[in-house]
Amino acid sequence: MSAYGVFTVGVNHNALSFRAPSAALPSASLRAGSAGRAGSAQDAGLAQDEAEFQEWVETIRRTVGSMALNLQDMAGEAVAADAKKLQELFGRVYAFFQKRSVSSAMKFADDTQSGFQEAGELASAGKMEEALAKFHATRANCTGCHRAHRKNVEGNWKIKH
């Protein structure tokens, strides 16, 4: 038992992830070409952005899982590194929804970005219990956003705008 006591970290990966297609994502040119048949060049750009968004979400899922394990191991610098990566990814998420003028999703992304930043700073300072509490509070943003901005279509999660 450490000086901080024993605590556990629970991560519900289903609450974090959008289900990726079973096959690898096509190249950017193929994604743009497929979307181009459906409409304008703007549609092609949105389709490419959504495919990139799915990649970010998968990276977020893995990084949150890593951060949870690093918190459990009380590895402050590793937690801080995960937090930094999450800040960058949620900056992208913010921009994605800003481009679509979805203010509630932008707020969720901003709050999540700030929360992970604070958790990383607390972990760097050796305040692991506080970092863990901030991690869990920040994860609540994830759940709220997922409930508001995704839908299940034939077993796959899709973005609601």
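So in segment 71-80, with the set limited to residues that are part of a helix (DSSP H, G or I) and in contact (Cβ under 8 Å) with a residue 24 or more places away in the chain, which one is nearest to SER114 (Cα to Cα)?
Result: ALA80.
Being in contact with a His (Cβ under 7 Å, 6 or more places away or on another chain), assigned to a helix (DSSP H, G or I) and of a type in the set (D, E, K, R), is that true of even one residue in segment 54-62?
Scanning segment 54-62, I find at least one residue that is in contact with a His (Cβ under 7 Å, 6 or more places away or on another chain), assigned to a helix (DSSP H, G or I) and of a type in the set (D, E, K, R), so the answer is yes.
Take the residues in segment 68-102 that are in contact with a His (Cβ under 9 Å, 6 or more places away or on another chain) and crowded, with 18+ Cβ neighbours inside 10 Å; name whichever of them is farthest from ALA51 (Cα to Cα).
Only one residue tops the list, namely VAL102.
Across segment 58-81, what is the number of residues that are touching a Ser or Thr at 6+ places or on another chain (Cβ under 7 Å) and either closer than 14 Å to ARG139 by Cα or among the small types (Gly, Ala, Ser) (or both)?
3
Which of the residues belonging to segment 143-155 are among the hydrophobic types (A, V, I, L, M, F, W, C), surrounded by fewer than 17 Cβ atoms within 10 Å (Cβ to Cβ) and part of a helix (DSSP H, G or I)?
Answer for segment 143-155, where residues must be among the hydrophobic types (A, V, I, L, M, F, W, C), surrounded by fewer than 17 Cβ atoms within 10 Å (Cβ to Cβ) and part of a helix (DSSP H, G or I): just ALA148.
Based on what the data block shows, is GLY65 outside any helix (DSSP H, G or I) and either touching a residue at least 24 places away in the same chain (Cβ under 8 Å) or open to solvent by less than 50 Å² (accessible area, probe 1.4 Å) (or both)?
The answer is no for GLY65.
Among the residues of segment 103-142, write down those that are surrounded by 17 or more Cβ atoms within 10 Å (Cβ to Cβ) and touching a residue at least 60 places away in the same chain (Cβ under 8 Å).
Result: MET128, ALA131, LEU132, PHE135, ARG139, CYS142.
The values are calculated or read from the model by the stated rules, or taken from the named source; none is laboratory data. Predicted model only: the values in this text are computed from it and were never measured. Methodologically, a virtual Cβ is constructed for each residue, glycine included, from the backbone with ideal geometry; neighbour enumeration extends over all protein chains shown. Keep in mind that these areas ignore ligands, DNA and RNA; they rest on the heavy atoms of the full protein, side chains included. Shrake-Rupley method; radii C 1.70, N 1.55, O 1.52, S 1.80 Å.
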